[in-house]
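Peer 1: Pasting in a structure now, in structure tokens, and then I'll have a few things to ask.
The values are calculated or read from the model by the stated rules, or taken from the named source; none is laboratory data. Remember, predicted model here, so these are calculated numbers, not experimental data. All Cβ positions, even for glycine, are placed from backbone atoms using ideal geometry, and neighbour counts span all protein chains on display. Accessible surface areas use protein heavy atoms only, side chains included; no ligands, DNA or RNA. Shrake-Rupley method; radii C 1.70, N 1.55, O 1.52, S 1.80 Å.
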Amino acid sequence: MESILEQQRRYHEERERLLDSMVKEMLLKKTSFRDQVNSEHRLKMLLDQYMESTDHLKDLYEDKDGFRKLETAEISGPNDFTEFYNRLKNIKEFHRKHPNQISVPMSVEFDELNKLRENPTEEMSNMVEFTDEEGYGKYLDLHECYEKYINLKGVEKVDYITYLSVLDHLFDIPKERKNTEYIKYLEMLLDYLHGYLLRIKPLFNVEEELKTVNSEFNKQWEEGTFQGWPKESGSALTNVGAHLDLSAFSSWQELATLGLDRLKSALLALGLKCGGTLEERAERLFSTKGKTDLDPSLMIKPNSGKSKRSKNLNKLKEIALLEAQVYRFIELLSEQRSATKENVQRKQARIEGERGDSDNEVSASESEEEEEDDIPYNPKNLPLGWDGKPIPYWLYKLHGLNISYNCEICGNFTYKGPKAFQRHFAEWRHAHGMRCLGIPNTAHFANVTQIEDALSLWEKIKQQKQEERWQPEQEEEFEDSLGNVVNKKTYEDLKRQGLL
């Protein structure tokens with residue numbers, strides 16, 4: 001039987017070996033997203049084993065059963081030499097029965113892990129289960145959630161790409177539409193996002209993140225700042241009611257002229273039931289005229305309304321909490337979400353023949369390896385097409401992408417090709433540069449890229465406009481009594497001299 005101290009030593013050695021293996025795993029170069037996901041799952045396995053060994057070691061040190069204290073007393077007491085030789089005898093007998101056997105903690109597990117790390121097998125290359133649509137963690141597969149969403153009542157029917165964009169616009173759905181089916185949809189969406197996050201990021205502390213979400217949500221809910229759920233505030237009349245002097249009314253028909261809301265407020269002030277038609281409310285209120293003891297059957301049951309409102313409020317709060325969790329998960333998976341939209345658009349852009357070839361001829365593993373090529377072979381530094389591969393060189397030359405145009409007004413930004421160069425004059429970058437120079441971005445400055453040329457042309461245009469402006473002193477004409485036509489300046493000079 002292994003001694004307590006030997007067990008402690010073994011667990012210490014095991015923890016050190018696990019730390020060393022985790023460091024090697026983290027330093028291992030990951031060439032693809034698949035390798036990164038698999039590496040994190042291996043790290044999670046090692047970390048779980050490390051925590052388990054730590055828990056065993058903690059139990060041994062706490063020594064709740066007292067065995068460690070007893071063993072320590074045996075090897076340090078007056079018969080320590082006798083105990084030493086007895087243990088030495090047991091060790092010799094064990095090695096005589098099992099020669100050349102050295103026990104190394106987790107030697108088999110570490111050896112297998114090193115082999116799999118150096119030469120991964122096909123099974124270990126797929127350590128986690130992903131659907132074909134998910135591309136081993138690169139994309140989201142929300143088709144089931146999408147079908148559930150479009151079947152909700154009162155929700156606009158959209159396509160899958162639009163759904164990916166409005167996935168976190170839960171605040172646009174009216175509160176009266178957030179029923180039981182809506183709660184089931186939120187739970188389905190949360191289950192998928194939670195499981196997906198754990199599959200691609202097994203080391204992420206989801207429970208701690210949910211605690212943070214809950215604390216932030218409670219604070220926003222109390223303040224009424226949570227998006228889509230403003231704090232409801234009723235008037236004083238709707239909450240406690242307002243008393244009504246019945247001495248001025250001689251019949252319930254006169255009370256009925258006040259309307260439903262005023263009668264309800266007066267009934268609430270007396271603690272009476274406020275339901276029913278206009279006539280029923282008027283008769284119920286008029287029956288209390290001149291009475292001090294009211295009929296108990298007409299009174300509101302204590303705390304019945306409050307308990308019902310509290311129950312409804314708790315239900316709404318649970319729905320809002322689910323929405324808050326959805327918002328946080330979508331925020332954490334924003335990169336995968338944008339990649340999913342691009343992937344769906346890329347698939348829809350393919351023609352039917354290309355779709356069939358990719359579905360029938362290319363296996364899931366081969367397509368994944370093609371997609372995971374981080375840097376495609378591109379010696380001529382050609383632009384990438386819709387499929388992520390360099391465009392043909394003849395197309396590169398045809399569009400003039402080998403010609404570079406520099407614009408000083410845009411901050412020395414370089415444009416590839418004449419098409420992009422001509423288009424940039426109407427874009428925000430060039431318009432912002434012209435606005436900084438105090439020059440309007442009009443057609444006069446087309447193809448002008450130098451700041452000095454733009455300023456000189458603007459001065460020339462202003463001077464030309466100044467010359468073309470109408471000058472009344474020179475161009476306005478007057479006629480004297482003899483019929484002579486002169487300009488305004490000459491006419492005023494003659495008039496001052498009295499020569500007219």
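Peer 1: Report the per residue volume, in Å³, of the convex hull enclosing the C-alpha atoms of region 56-99.
Peer 2: It is 89 Å³ per residue.
Peer 1: Counting Lys and Arg as +1 and Asp and Glu as -1, what is the net charge of the other residues whose Cβ lies under 11 Å from the Cβ of Lys148?
Peer 2: Net charge around Lys148: -3.
Peer 1: Between region 377-450 and region 1-77, what is the separation of their alpha carbon centroids in Å?
Peer 2: 59
Peer 1: With a/c under 1.5 counting as rounded, go ahead and sort region 247-301 into rounded, prolate or oblate using the C-alpha gyration tensor (a ≥ b ≥ c being the square roots of the eigenvalues; past the cut-off, prolate if a/b is larger than b/c, else oblate). Let's see the in-between values first.
Peer 2: Details: a/c = 1.85, a/b = 1.21, b/c = 1.53.
Oblate is the answer for region 247-301, as a/c is 1.5 or above yet b/c matches or exceeds a/b.
Peer 1: While we're here: DSSP loop (so not H, G, I, E, B), at most 10 other Cβ within 10 Å: list which trypsin sites (Lys or Arg not before Pro) in region 20-60 pass both filters.
Peer 2: For trypsin sites (Lys or Arg not before Pro) across region 20-60 that sit outside H, G, I, E and B with at most 10 neighbouring Cβ atoms in 10 Å, the list reads Lys29.
Peer 1: Find the accessible area per residue for region 401-479; the probe is 1.4 Å, ligands and nucleic acids are left out, and the unit is Å². Working shown, then result.
Peer 2: Values: 5630 Å² over 79 residues.
Spelled out: the 1.4 Å probe surface of region 401-479, per residue, equals 71 Å².
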